[in-house]
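Asks: Take a look at this one; I'll ask things after.
The values are calculated or read from the model by the stated rules, or taken from the named source; none is laboratory data. Quantities reported herein were computed from a predicted structural model and do not represent experimental measurements. Here the Cβ positions follow ideal geometry from the backbone for every residue, glycine too, while neighbour counts run over all protein chains shown. Ligands, DNA and RNA are excluded from the accessible area calculation, which covers all protein heavy atoms including side chains. Shrake-Rupley method; radii C 1.70, N 1.55, O 1.52, S 1.80 Å.
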Amino acid sequence: MTYFLFFLIGLVFLLIGSKGVINNAIKISLLTKIPTFLIGMTLVGIGTSLPEIMVSFLGGIDKANNLALGNIIGSNIANIGLIFGISLLIKPIFIDKKDTIFDLFIMILTSSILFFTLFIDGIPFYIGLSLVAVGIGFVIWQVMHGRHERIYSPQKIISQKPFITSFVFILSVISLFFGAKLLVDNGILLAQSLHISPIILGAVAVAIGT
């Protein structure tokens, strides 16, 4: 029961930290007059995946690879099956194929690499390096592509002082790290106490939670 409680506390800190990092990083970007397209294609895009990134990163450090892998797989299933599915139930979505065909190709490519490497024999270092390279290349392409489009243009006027914004941003990063650490550590112990595989816990509880 204690493991479960700290697991939930870690999840709360993780989500609060993630929201704080995204919101205050956007404010800092606007205060420093960083182009809005760059904010939209990098900060907002990657920022919404911060919980998964942090959990997977700490899971790798703590040698909880199954928890991290379950989190990655489960998060993608939850995003497409639950979030996208529920959105479609509320209102149909019409998207220009020209704007999504390349993104879908990259998604299928990276998912296929992960699938076939797991199917054959685990995930070696060079595959991880290749996936990171694809991810960085995709972000660079998105930034270059975003130069010609209005990707993200916040209308809210920033009235908060730079010092306060920076301080809240640092606290949010600490909350993100602390929450991920609590979640990973107690997630491992929770899986052991329930006699279930960490990959199952990661694919269900951690993935849906993040």
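Asks: In the stretch 173-202, how many residues are in a helix (DSSP H, G or I) and either basic (Lys, Arg) or more than 17 Å from Leu15 (Cα to Cα) (or both)?
Replies: Adding up the residues that qualify gives 12.
Asks: Can you run down the residue pairs with Cβ atoms below 7 Å, 6 or more apart or on separate chains, where the first is in the stretch 170-196 and in contact (Cβ under 8 Å) with a residue 40 or more places away in the chain and the partner is in a helix (DSSP H, G or I) and of a type in the set (Ser, Thr, Tyr)?
Replies: Leu176/Ser18; Asn186/Tyr3; Leu189/Tyr3; Leu190/Tyr3; Ser193/Tyr3
This table checks each residue for (1) among the aliphatic types (A, V, I, L, M); (2) at pLDDT below 80.
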site: Val44; (1), (2): yes, yes
site: Gly47; (1), (2): no, yes
site: Pro51; (1), (2): no, yes
site: Ala78; (1), (2): yes, no
site: Lys91; (1), (2): no, no
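Asks: For Gly60, indicate whether it is modelled with pLDDT of 80 or more and part of a helix (DSSP H, G or I).
Replies: Criteria not met by Gly60.
Asks: So which pairs qualify, if the first residue must be in the stretch 71-83 and of a type outside the set (D, E, K, R), the second must be open to solvent by 90 Å² or more (accessible area, probe 1.4 Å) and in a helix (DSSP H, G or I), the Cβ gap must be under 8 Å, and the two must be at least 6 apart or on different chains?
Replies: Gly74/Ile208; Ala78/Ile208; Leu82/Ile208
Asks: Go through (1) modelled with pLDDT under 75; (2) under 18 Å from Asn76 (Cβ atoms); (3) open to solvent by 50 Å² or more (accessible area, probe 1.4 Å) one by one and return the number of the condition Phe138 breaks.
Replies: Exception for Phe138: condition (1).
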